[in-house]
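The values are calculated or read from the model by the stated rules, or taken from the named source; none is laboratory data. Everything numeric here is computed off the predicted structure, so don't read it as measured data. These area figures cover heavy atoms from the full protein model, side chains too; ligands, DNA and RNA do not enter into them. Shrake-Rupley method; radii C 1.70, N 1.55, O 1.52, S 1.80 Å.
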Amino acid sequence: AASQGHASSQFNLGLIYETGQGVKQDYVKAREWYLKAASQGHADSQYYLGFIYKQGQGVKQDFVKAREWYLKAASQGQAEAQN
């Protein structure tokens, strides 16, 4: 489903790679899957991308990009991003 563009499945794959559930933990792959879902407007993926950039997980730490993703998620009502 994820390879067919299903945003929730893409988000779930991102989680799997971020946490290393059944696969080798891979922040780069996690970011790739979150980005696919986020580009479709998936608010939780947008929030997790913000977190990845804030923490510098698999990417260069970038607070500007983190803020951009948090704002996108917050504008859709994602509660954690609104704090």
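See the values below:
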| read-out | value |
| --- | --- |
| Matching residues in segment 66-83 - criterion: being within 12 Å of the chain's Cα centre (by Cα) and open to solvent by 40 Å² or more (accessible area, probe 1.4 Å) | 70, 72 |
| Matching residues in segment 14-54 - criterion: being among the hydrophobic types (A, V, I, L, M, F, W, C) and farther than 19 Å from residue 74 by Cα | 15, 16, 23, 28, 30, 33 |
